[in-house]
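Step one of this worksheet: look at the structure below.
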Amino acid sequence: MPHLAPITPDNLDAAIAVRVRPDQEHASTPVVESLAEAYVHPAGVAWPRLIMDEERVVGFLMAFFAIDWKMDGTDFRSGLWRLNIDARAQGRGYGRFAVTAVGEELRRRGEDLLTTTWHPGPDGPEAFYQRLGFRPTGETSGGETVGVLGLG
């Protein structure tokens with residue numbers, strides 16, 4: 001049964017070993033870079049987690065909480081920052097599980113909207129996110145499409 005686990009010294013190597021398919025690498029960020037980003041942000045902003053099936057690592061996600069989206073103090077958002085499903089585990093529902101788990105954590109924290117971004121184009125994950133109910137906002141962030149999912 002899938003579940004999330006925090007990153008610890010005991011599972012760090014397994015986390016860093018998560019690799020998406022080669023044709024997806026251009027649209028994803030390596031786990032080690034995500035962990036470095038988590039480290040440099042203030043405590044409580046980044047929420048890195050392993051996606052586990054029983055005791056087997058099948059992916060990595062990182063959520064974000066209350067990021068100052070426009071960097072002007074007017075728009076704070078929370079959501080899914082990174083999602084990497086290991087190439088050998090794709091197509092088994094782990095991505096859907098991860099998005100659902102982040103949504104549940106956001107609801108637990110009183111949020112009603114999940115924000116994420118994705119690499120645009122036919123080789124990106126847009127269809128995956130739209131199947132889950134995300135809708136593009138018309139914005140971009142770092143060249144990626146911004147999408148939101150209502151949690152109500």
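The values are calculated or read from the model by the stated rules, or taken from the named source; none is laboratory data. Note that the coordinates shown come from a computational prediction; the quantities given were computed from them, not determined experimentally. Virtual Cβ from ideal backbone geometry, glycine too; neighbours counted across all protein chains shown. Heavy atoms of the whole protein, side chains included, go into the accessibility calculation; ligands, DNA and RNA do not. Shrake-Rupley method; radii C 1.70, N 1.55, O 1.52, S 1.80 Å.
In the stretch 7-34, the residues that are within 13 Å of residue 58 (Cα to Cα) and free of Cβ contacts under 8 Å to residues at least 24 places away in the same chain form Cβ pairs under 8 Å with partners that are of a type outside the set (Lys, Arg) and part of a helix (DSSP H, G or I), at six or more places apart or across chains, as follows: 16/31; 16/32; 16/35. For residue 40, the conditions (1) closer than 23 Å to residue 100 by Cα; (2) over 14 Å from the mean Cα position of the chain (by Cα) are fulfilled apart from (1).
Would you point out which residue out of 110, 91, 103 is surrounded by 12 or more Cβ atoms within 10 Å (Cβ to Cβ), closer than 24 Å to residue 133 by Cα and at pLDDT 95 or above? Quick ask: steps written out before the conclusion?
Numbers: 110 fails: surrounded by 12 or more Cβ atoms within 10 Å (Cβ to Cβ); 91 fails: surrounded by 12 or more Cβ atoms within 10 Å (Cβ to Cβ).
The unique qualifying residue is 103.
Of the residues making up the stretch 136-152, those that are closer than 22 Å to residue 22 by Cα and touching a Gly at 6+ places or on another chain (Cβ under 9 Å) are 144, 145. Before we move on, is residue 35 in contact with a Pro (Cβ under 7 Å, 6 or more places away or on another chain), on the phi < 0 side of the Ramachandran plot and hydrophobic (A, V, I, L, M, F, W, C)? It is true that residue 35 is in contact with a Pro (Cβ under 7 Å, 6 or more places away or on another chain), on the phi < 0 side of the Ramachandran plot and hydrophobic (A, V, I, L, M, F, W, C).
Could you check the stretch 122-135 and list, in sequence order, the residues that are closer than 21 Å to residue 23 by Cα and open to solvent by 30 Å² or more (accessible area, probe 1.4 Å)? Quick ask: steps written out before the conclusion?
Let us first name the residues in the stretch 122-135 that are closer than 21 Å to residue 23 by Cα, namely 122-131.
Selection gives 122, 123, 125, 126, 127, 128, 130, 131.
The strands (runs of 3 or more DSSP E) located wholly in the stretch 67-152 that include 1 or more residues which are under 15 Å from residue 2 (Cβ atoms) occupy 76-85. Filtered by the rule that a residue be open to solvent by 50 Å² or more (accessible area, probe 1.4 Å) and in a loop (DSSP other than H, G, I, E, B), the stretch 9-43 gives 9, 10, 17, 19, 21, 30, 41, 42, 43.
If you go through the stretch 44-66, how many residues are open to solvent by 30 Å² or more (accessible area, probe 1.4 Å) and not in a loop (DSSP other than H, G, I, E, B)? Before you say what the answer is, go through the steps one by one.
So in the stretch 44-66, the residues open to solvent by 30 Å² or more (accessible area, probe 1.4 Å) come out as 44, 47, 49, 53-57, 66.
Those left that are additionally not in a loop (DSSP other than H, G, I, E, B): 47, 49, 53, 56-57, 66.
Looking only at that region, the number is 6.
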